[in-house]
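Structure provided below as structure tokens; questions to follow.
The values are calculated or read from the model by the stated rules, or taken from the named source; none is laboratory data. The structure presented is a predicted model; accordingly, all values stated were derived computationally and were not measured. Heads up, the Cβs are rebuilt from the backbone with ideal geometry, glycines too, and the neighbour counts pull from every protein chain shown. The area values use the complete protein model at the heavy-atom level, side chains included, leaving out ligands, DNA and RNA. Shrake-Rupley method; radii C 1.70, N 1.55, O 1.52, S 1.80 Å.
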Amino acid sequence: MYIPEANLQNILINLYILVSGIVFVYRETNPSTQLGYSKFTKFSKSNTMVPSKYGMLVIYFPSMILCLIGVLWSLSQPRHVKLVALFSLLHFVKRIYEVLFIHHYSGQSLFKDNITIACSYAGFSIIQLYFTSSVPKSRVNQFEILCGTLLYFFGEGLNHYHHLILADLRKDGSKEYKIPQGGLFNFIWCPHYLGEIIAFIAMSLLSQHISTLAFQSISILYLAVRAYNTRLWYEHKFGKIPKKACLVPGLF
Ligand SMILES: NC(=O)c1ccc[n+]([C@@H]2O[C@H](COP(=O)([O-])OP(=O)(O)OC[C@H]3O[C@@H](n4cnc5c(N)ncnc54)[C@H](OP(=O)(O)O)[C@@H]3O)[C@@H](O)[C@H]2O)c1
């Protein structure tokens with residue numbers, strides 16, 4: 001991993017990422033400040049609500065366009081930069097495909113929270129590419145790039161597979177929540193989050209920059225808190241629930 005020199009610009013960018021990341025994680029620990037989408041939406045008369053499907057498109061579409069521009073820009077860059085740009089684009093294309101054709105949403109989301117998330121994804125997509133392109137070519141570790149590439153496809157595949165299982169729970173057209181089973185849902189509550197976490201680790205390896213790893217670690221913490229809240233949510237909704245870990249069997 002490349003550690004850049006501690007100049008003012010790098011310190012300020014990292015501080016900004018750290019503080020905003022901690023705010024996101026902290027918000028998730030408190031039910032009254034949780035981001036309002038999926039299971040955790042709280043209906044609000046004073047705020048604009050949009051159907052979840054549109055809310056999710058608002059979240060992902062700007063980042064997809066920015067990543068597309070990133071891919072075009074990266075054509076003149078070293079290979080690891082091209083890979084980060086391409087895999088970021090693939091991630092958002094996959095998410096938009098899933099929002100449009102896989103997920104069966106049941107509710108609404110808070111439009112202002114959709115905008116907040118969209119800005120954070122877009123900002124991070126740019127910063128991640130900036131970090132990656134600042135890694136000197138001589139410092140790139142090809143073994144880590146190979147591991148990152150394999151892990152990326154494994155993580156995204158795991159994530160997609162479990163999205164299909166969730167979608168299957170509503171294939172009869174119902175909007176009910178059920179206890180998910182099958183695949184890693186037999187052992188953990190949020191295998192789709194685990195898949196995304198593996199993809200986060202992959203992107204850190206591909207980026208080769210310590211600040212990408214730091215930021216992705218905050219995203220992992222965010223998903224860990226959300227996975228914990230998801231288990232509490234199932235407990236609250238169904239009463240007696242199967243004994244399963246949130247994310248990693250035997251660990252958490
Ligand atoms: N990068 C990040 O910081 C970040 C943050 C959050 C999520 N994500 C990723 O985005 C993806 C989606 O996250 P999410 O939090 O929206 O996932 P989610 O709450 O599990 O919802 C995914 C889809 O499955 C449905 N669903 C969930 N549980 C269900 C159940 N028990 N029975 C029937 N249907 C169910 C949801 O419907 P409803 O909409 O009706 O609930 C929704 O359509 C995840 O793979 C995650 O990794 C990334």
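How high is the FRET efficiency between PHE143 and LEU72 when r is their beta carbon distance and R₀ equals 35 Å, given to the nearest 0.05?
Efficiency, rounded to the nearest 0.05: 0.80.
If contacts are Cα pairs under 8 angstrom and at least 6 residues apart, what is the relative contact order of the chain in percent?
24
Moving to a separate point now. So which of LYS45/LYS240; LYS175/LYS244; LYS112/LYS237; LYS82/LYS112 end up more than 30 Å apart by C-alpha?
From LYS45/LYS240; LYS175/LYS244; LYS112/LYS237; LYS82/LYS112, over 30 Å: LYS45/LYS240; LYS82/LYS112.
Of LEU83, ILE188, PHE40, whose Cα points farthest to the positive end of the dipole of the chain (charges on the beta-carbon: +1 Lys, Arg; -1 Asp, Glu; origin at the Cα centre)?
Farthest along the dipole direction, towards plus: PHE40.
Right, here's the next one. Taking only protein heavy atoms and a 1.4 Å probe, what accessible area per residue, in Å², does the chain have with all protein chains in place? Write down the numbers at each step before the final one.
On the way: 13000 Å² over 252 residues.
Here the per-residue accessible area is 52 Å².
If you keep only loop residues by DSSP, which chymotrypsin sites (Phe, Trp or Tyr not before Pro) in the stretch 1-52 have at most 16 other Cβ atoms within 10 Å of their Cβ? Don't skip to the answer; put the middle values down first.
Working: sites: TYR2, TYR16, PHE24, TYR26, TYR37, PHE40, PHE43; in loops: TYR37, PHE43.
Filter output for the stretch 1-52: PHE43.
Loop-only check: which chymotrypsin sites (Phe, Trp or Tyr not before Pro) in the stretch 83-168 are DSSP coil with at most 16 other Cβ within 10 angstrom?
none
Same structure, new question: Say each of ASN10 and SER134 gets a label point 7 Å from the Cα, pointing the same way as Cα to Cβ; how far apart are those two points in nm?
That separation, rounded to one decimal, is 0.7 nm.
Now, a different point. Determine the calculated [θ] at 222 nm for the chain from helices alone, applying -39500 (n - 2.57) to every DSSP H run no shorter than 4 residues and normalising by the residue count; nearest 500 deg cm²/dmol. Could the numbers behind the result be given before it?
On the way: 7 runs with 164 residues, N = 252.
Dividing the helical sum by the residues of the chain leaves -23000 deg cm²/dmol.
Please give, to one decimal in nm, the separation of the simple spin-label points placed at SER106 and VAL248, each 7 Å out from Cα toward the Cβ.
3.0
Rounded to the nearest Å, what's the spacing between the alpha carbon centres of the stretch 36-115 and the stretch 153-230? Just the number, please.
When both Cα centres are located, 15 Å separates them.
Kirkwood hydrodynamic radius (Cα pairs, Å) of the chain?
Hydrodynamic radius (Kirkwood, Cα pairs) of the chain is 19.1 Å.
If I fit a long axis through the Cα atoms of helix 142-168 and take the longest principal axis of the Cα atoms of the chain, what angle between them do I get, 0 to 90°, rounded to 10?
20
May I ask you to list the GluC sites (Glu not before Pro) in the stretch 139-241 that are in a DSSP loop and have at most 10 other Cβ atoms within 10 Å of their Cβ? All intermediate terms of the calculation are to be shown ahead of the outcome.
Details: sites: GLU144, GLU156, GLU176, GLU196, GLU235; in loops: GLU176.
In loop regions of the stretch 139-241 (DSSP not H, G, I, E or B), the sparsely surrounded GluC sites (Glu not before Pro) are GLU176.
Taking just the alpha-carbon atoms of the stretch 1-113, what radius of gyration and Dmax come out, in angstrom?
17.7, 50
To the nearest 20 debye, what charge dipole does the stretch 8-238 have about its Cα centre, counting +1 at the Cβ of each Lys and Arg and -1 at the Cβ of each Asp and Glu?
Charge dipole, the stretch 8-238, about its Cα centre: 280 debye, nearest 20.
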